[in-house]
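Here is the structure we will look at, set down as C-alpha cells.
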C-alpha cells in the first residue's frame, strides 16, 4: 500500500513541502510513500478529499486554512491550541488531530542562530497564522516583543510607531508577512531601515528568494540576517515525526 501525505491550501504552485518530501523519500530510501498537493477552494471540501484519498496518512496546511481547519478537527494538540493555528494534521480512525510545527521550526531555528541573548526584545511584523506561532515561541523563550501591524490593536503597535527609540530597544526583528516572496521579490516590510545597526538581527520567514529585500536592507546597515529555509526544514521533519509517531 502506498502511503499518501500532502499539502492543502488554495494556491500551491510553488510548494517547498512537495519538493522536500519527494527528495527525502528518495534520499532516505523510504518506499511506498508519496507527497501530493491538494488545492481546495474551501475547508468544507476536506472531508470529501479524505474520503476519496483512502490512503492519506497526514497533511500539511497552508494559507488560508491554518485557522479555518480548527472546527473540522476531532482534537488539537495543546501548543496548537495556544497558538490558534494548525499546519499539521494526522488522520486517525477517530478523526483529524491538529498540530503546529511552525512553532517548533521557528523556535529551534532561532535558537540555532542567536541562542538566547539576555534582555533581547523583538518586533514581530505581521498578524497572520505564522505570527501566532512566533508569538507563542517567543513567550516560551521568555523574549519580550511587540506585534506590528498596519492598524493599531490591543496587543500590537503600528508601522508608524516604529521610532528610532523603539528600534534601538528591539534588536530582533521577525518578518512573518509574505512581503518579498517570489514573484514579488522587490517588496519589503515598511520599517525605518535607517535606524538599524550591527546590533540588530533580522529573521525573515520568507524562504524564496533566499536573500530577500528585507534581509538586504538590513545587511546594508550591518545587521545579521537569516531566512526561513531552516525553519521550514525543521517544521517539515517535525511533521514527519507527528505523522509516524506511535502516539498522537
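Where a number appears in this text, it was derived from the coordinates with a stated rule and is not lab data. Computed from a predicted model, the values in this text were never measured in an experiment. Neighbour counts run over all protein chains shown; Cβ positions are idealised from the backbone, glycine included.
In what sequence do 193, 35 fall when counting other Cβ within 10 Å, fewest first? List each step's numbers first, then the result.
On the way: 193 18, 35 22.
Fewest to most other Cβ atoms nearby, the residues stand as 193, 35.
Hey, can you rank 113-124, 175-186 by average C-beta count inside 10 Å, highest first? Walk me through the intermediate numbers first.
Details: 113-124: 14.7, 175-186: 17.7.
The densest-packed peptide leads the list: 175-186, 113-124.
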| field | Fluctuation leader among 132, 90, 54 - the chain, Gaussian network, Cα springs under 10 angstrom | value | 54
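Can you give the relative contact order of segment 169-227 as a percent, counting alpha carbon pairs under 8 Å and 6+ residues apart?
Details: 112 pairs, mean separation 22.5, N = 59.
Worked out over segment 169-227, it gives 38 percent.
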| Angle, helix 16-27 long axis vs. longest principal axis of the chain, Cα atoms, 0 to 90°, nearest 10? | 60 degrees
| query | Where the centroid of each part is defined by its Cα atoms, how far is segment 1-48 from segment 135-193 in Å? | reply | 31 Å
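Starting from the Cα-Cα distance between residue 25 and residue 144, subtract it from 0.36 nm times their residue separation and give me the gain in nm to one decimal.
Values: separation 119, 0.36 × 119 = 42.84 nm, distance 3.94 nm.
Working it through step by step, the gained length comes to 38.9 nm.
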| request: Would you mind classifying segment 99-171 by shape? Square roots of the alpha carbon gyration tensor eigenvalues, ordered a ≥ b ≥ c; an a/c under 1.5 is rounded, otherwise it is prolate if a/b is larger than b/c and oblate if not. | output: oblate
| message | Compute the helix-to-body angle for 101-114: its Cα long axis versus the longest principal axis of the chain, expressed 0 to 90° and rounded to tens. | response | 40 degrees
| remark: Under a Gaussian network model of the chain whose springs join Cα atoms within less than 10 Å, the largest fluctuation of 47, 192, 154 belongs to 154
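Pull out a ≥ b ≥ c, the square roots of the eigenvalues of the alpha-carbon gyration tensor of segment 128-169, then state rounded if a/c is under 1.5, prolate if not and a/b is larger than b/c, and oblate in the remaining case. Don't skip to the end; give the middle numbers.
Working: a/c = 2.59, a/b = 1.33, b/c = 1.95.
The shape class here is oblate.
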| Computed lengthening from residue 70 to residue 44, 0.36 nm per intervening residue step minus Cα-Cα distance | 8.2 nm
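Between residue 185 and residue 1, what is the FRET efficiency for a Förster distance of 41 Å, r being their Cβ-Cβ separation, to the nearest 0.05? Numbers along the way, then the final one.
Details: r = 42 Å, r/R0 = 1.02.
E(calc), rounded to 0.05, equals 0.45.
Name the shape class, rounded, prolate or oblate, that the alpha-carbon gyration tensor gives for segment 1-46, where a ≥ b ≥ c are the square roots of its eigenvalues, rounded holds for a/c under 1.5, and otherwise prolate holds if a/b is larger than b/c and oblate otherwise.
Numbers: a/c = 4.74, a/b = 1.77, b/c = 2.68.
It is oblate, given that a/c is not under 1.5 and a/b is not larger than b/c.
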| said: Under 10 Å, Cα contacts only: if you run a Gaussian network model on the chain, which one of 228, 98, 153 comes out with the highest mean-square fluctuation? | reply: 153
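Per residue, how much space in cubic angstrom lies within the convex hull of the C-alpha atoms of the chain? The partial results should precede the final answer.
Numbers: hull volume 33.2 nm³, N = 248.
With only Cα atoms used, the chain gives 134 Å³ per residue.
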| field | the chain - mean residue ellipticity at 222 nm from DSSP helices (-39,500 (n - 2.57) per run, n ≥ 4, rounded to 500) | value | -10000 deg cm²/dmol
| request: Just grab the label-to-label distance for residue 244 and residue 194, each label 7 Å out from Cα along the Cβ direction, in nm (one decimal). | output: 5.3 nm
